[in-house]
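Engineer: Mind looking over this structure? Questions follow.
The values are calculated or read from the model by the stated rules, or taken from the named source; none is laboratory data. Fair warning: this is a prediction, and the values are worked out from it, not measured in the lab. A quick note on method: Cβ atoms are made from the backbone with ideal geometry, for glycine too, and the neighbour counts reach across all protein chains shown. SASA here: full protein model, heavy atoms, side chains in, ligands and nucleic acids out. Shrake-Rupley method; radii C 1.70, N 1.55, O 1.52, S 1.80 Å.
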Amino acid sequence: MKVVKFGGSSLADAKHFKQVASIIKADPERAYVIPSAPGKRFSADTKVTDMLYRCYELIRAKEDIEECFSEICERYLSIIEELGIDFDISGELEYVKNSMLHNSGRDYAASRGEYLNGLILAKYLGFDFIDAENVIFFNENGTFNEEKTNEVLSNELKQHANAVIPGFYGIMPNGTIKTFSRGGSDITGSIVSRAAGASLYENWTDVSGFMMADPRIVSDPCAIDTITYHELRELSYMGATVLHEDAIFPVRRARIPINIRNTNDPAAPGTMIVASAEDDVSASDSIITGIAGKKGFSVITIEKDMMNSEIGFGRKVLEILEDNDISFEHLPSGIDTMSVVVSTTSIENKLEKIMASLEKTTKADHISLENELALVAVVGRKMVKAKGTAARVFNAVSNAGINIRMIDQGSSEISIILGVEEHDFENAMNAIYREFVK
Ligand code: ASP
């Protein structure tokens, strides 16, 4: 049995609803459906979730929400009308509006996008509707209550052969609605997959899976057919986005694979996200799985003679970062030098204080700061066994005339991270991509 989640762009209008229904009906194993709120129909359009946040802000500013709310109603009413279903949603819309006007909170407002879309989709498919507020629970401190949710949800699912469960929200112990962070319907899909004991979590979106590189940087990159959770984490951390990061944990533990699919191209196999390399059944022989990267890093380099023999040196440096509430990204070190790579925004406004503390505490010979560093991560589980991959990466980059400022091979050996000047970032990504993908 499969759990299927459809993102906002897959449910933006009636045309997409029809497409979604035909996908679900094409496979009887697609038993439980998680919808997002209607997304953008065209690039200048506004997502319903954003319209709901806007209404909430207007209420807070004691302004009229009539116009804003009627635009939201219009989105749902036109979907119902074009689908030709016999469903009167006006009472629900009125109830939502009144609740919002009576201070039901920001998360309640945002969650109604998924709630209303779920009602319509359940009606259209002829599936049961399970309100997420009865099955997804948060703890007092706002974290997700995994045990209670899994118990209640799996019992509830047993009562329904088919059901629609709206994504993105659940309930607090005090009975108020709480949402996950933006894009959180992915998390609901993962939670439902685990509770249902699904064989597969299909996550339907508007791209044919993960691309090997960002299409805004490398033109027309190939899609990744299979990726492990571990590799995905490395690529997502470096800026590749398709799936909410927290959506991985519930299914990962249960070893349920995720298949990223394209609603607008249902024939494309998409990307399979699997627990480990042994679960990879693809025929791909590509050594690297993907490349991702980000700009906006700074390097603080500390030099001191005989640093290697000074016990506790690293701890002192890291303690200063900790005291300033800064997390470090990488820590390449030499015999007498230690560099700390941090995101530039994290040290803004704190730089003088940090530098002064470092000087005082480490008594270093020299401390310098360099900005405008970009990091590029080359990720691939097959790199562990393939000899010469690092050499190929470095050659490709240096043949393109790019100076490598930092190298860090992750201890798991599934990633190689390069630091380059920001202005070389795009060229470095392209050079590496071309080296490995002809
Ligand atoms: N509708 C919510 C958002 O726009 C959640 C989601 O789509 O996953 O963030």
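Engineer: Which of the residues spanning the range 380-411 are without any contact (Cβ under 8 Å) to a residue 24 or more places away in the chain and under 24 Å from L232 (Cβ atoms)?
Structural biologist: Matches in the range 380-411: K385, Q409, S411.
Engineer: Sticking with this structure for a sec: Of all the residues that make up the range 179-197, how many are open to solvent by 50 Å² or more (accessible area, probe 1.4 Å) and more than 10 Å from the ligand (Cβ to nearest atom)?
Structural biologist: Of the residues in the range 179-197, 2 are open to solvent by 50 Å² or more (accessible area, probe 1.4 Å) and more than 10 Å from the ligand (Cβ to nearest atom).
Engineer: So if I check each of S10, S78, which one is in a helix (DSSP H, G or I), closer than 20 Å to S208 by Cα and in contact (Cβ under 8 Å) with a residue 24 or more places away in the chain?
Structural biologist: S10
Engineer: Of the conditions (1) more than 16 Å from the ligand (Cβ to nearest atom); (2) assigned to a helix (DSSP H, G or I), E114 clears all except one; give me its number.
Structural biologist: Every listed condition holds for E114 apart from (1).
Engineer: Return the residues of the range 306-333 that are open to solvent by less than 40 Å² (accessible area, probe 1.4 Å) and under 23 Å from D408 (Cα atoms); say none if nothing qualifies.
Structural biologist: Listed by number, the residues that qualify are M307, G312, F313, G314, V317, I320, L321, I326, H330, P332.
Engineer: Could you tell me whether the range 355-374 includes any residue that is free of Cβ contacts under 8 Å to residues at least 60 places away in the same chain and crowded, with 17+ Cβ neighbours inside 10 Å?
Structural biologist: Within the range 355-374, one or more residues are free of Cβ contacts under 8 Å to residues at least 60 places away in the same chain and crowded, with 17+ Cβ neighbours inside 10 Å.
Engineer: Separate question: The conditions are (1) acidic (D, E); (2) assigned to a helix (DSSP H, G or I); (3) within 29 Å of I227 (Cβ to Cβ), and E319 fails exactly one of them. Which is it?
Structural biologist: Among (1) acidic (D, E); (2) assigned to a helix (DSSP H, G or I); (3) within 29 Å of I227 (Cβ to Cβ), the lone unmet condition for E319 is (3).
Engineer: For residues that are touching a Leu at 6+ places or on another chain (Cβ under 8 Å) and over 12 Å from L52 (Cα atoms), scanning just the range 63-86, find the one that is surrounded by the fewest Cβ atoms within 10 Å (Cβ to Cβ).
Structural biologist: Among them, the one singled out is D64.
Engineer: Which of the residues spanning the range 180-219 are out of contact with any strand residue (DSSP E or B) (no Cβ under 8 Å at 6 or more places or on another chain), of a type outside the set (A, V, I, L, M, F, W, C) and part of a helix (DSSP H, G or I)?
Structural biologist: Answer for the range 180-219, where residues must be out of contact with any strand residue (DSSP E or B) (no Cβ under 8 Å at 6 or more places or on another chain), of a type outside the set (A, V, I, L, M, F, W, C) and part of a helix (DSSP H, G or I): just R194.
Engineer: Checking P173 against (1) open to solvent by 10 Å² or more (accessible area, probe 1.4 Å); (2) assigned to a loop (DSSP other than H, G, I, E, B); (3) in contact with a Phe, Trp or Tyr (Cβ under 8 Å, 6 or more places away or on another chain); (4) within 16 Å of the ligand (Cβ to nearest atom), which test does it fail?
Structural biologist: For P173, the exception is condition (4).
Listed here are the residues, each with its yes/no results for (1) within 28 Å of V218 (Cα to Cα); (2) within 23 Å of the chain's Cα centre (by Cα).
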{"position": "D336", "(1), (2)": "no, no"}
{"position": "S339", "(1), (2)": "no, no"}
{"position": "I347", "(1), (2)": "no, no"}
{"position": "S357", "(1), (2)": "no, no"}
{"position": "E370", "(1), (2)": "yes, no"}
{"position": "K387", "(1), (2)": "yes, no"}
{"position": "A391", "(1), (2)": "yes, no"}
{"position": "F425", "(1), (2)": "yes, yes"}
{"position": "M429", "(1), (2)": "yes, yes"}
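Engineer: May I pose another question? Which numbered condition in (1) under 21 Å from H16 (Cβ atoms); (2) open to solvent by 60 Å² or more (accessible area, probe 1.4 Å) is the only one that R106 fails?
Structural biologist: (1)
Engineer: For the structure I just gave you, tell me whether S208 is away from the ligand (no atom under 16 Å from the Cβ), open to solvent by 10 Å² or more (accessible area, probe 1.4 Å), farther than 30 Å from M429 by Cβ and of a type in the set (S, T, Y).
Structural biologist: Considered against the rule, which asks whether it is away from the ligand (no atom under 16 Å from the Cβ), open to solvent by 10 Å² or more (accessible area, probe 1.4 Å), farther than 30 Å from M429 by Cβ and of a type in the set (S, T, Y), S208 comes out as no.
Conditions tested, residue by residue: (1) touching a Ser or Thr at 6+ places or on another chain (Cβ under 8 Å); (2) in a strand (DSSP E or B); (3) more than 14 Å from the ligand (Cβ to nearest atom).
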residue	(1), (2), (3)
A31	no, yes, yes
G39	yes, no, no
F42	no, no, yes
D45	no, no, no
D50	no, no, no
Y53	no, no, no
E57	no, no, yes
K62	no, no, yes
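Engineer: Of the residues that sit in the range 403-436 and are β-branched (V, I, T) and surrounded by fewer than 19 Cβ atoms within 10 Å (Cβ to Cβ), which one is nearest to T301 (Cα to Cα)?
Structural biologist: Here the residue is I407.
Engineer: Something else: Kindly list, by first and then second residue, each pair from a residue in the range 169-181 that is without any contact (Cβ under 8 Å) to a residue 60 or more places away in the chain to a residue that is of a type in the set (G, A, S) and within 16 Å of the ligand (Cβ to nearest atom), limited to pairs with Cβ atoms under 7 Å and residues at least 6 apart or on different chains.
Structural biologist: What qualifies is G170/A132.
Engineer: Quick check: is even one residue across the range 120-127 open to solvent by 70 Å² or more (accessible area, probe 1.4 Å) and not in a helix (DSSP H, G or I)?
Structural biologist: Within the range 120-127, none of the residues are open to solvent by 70 Å² or more (accessible area, probe 1.4 Å) and not in a helix (DSSP H, G or I).
Engineer: Follow-up. Regarding the range 344-363, can at least one residue be identified that is out of contact with any helix residue (DSSP H, G or I) (no Cβ under 6 Å at 6 or more places or on another chain) and part of a strand (DSSP E or B)?
Structural biologist: No: the range 344-363 contains no residue that is out of contact with any helix residue (DSSP H, G or I) (no Cβ under 6 Å at 6 or more places or on another chain) and part of a strand (DSSP E or B).
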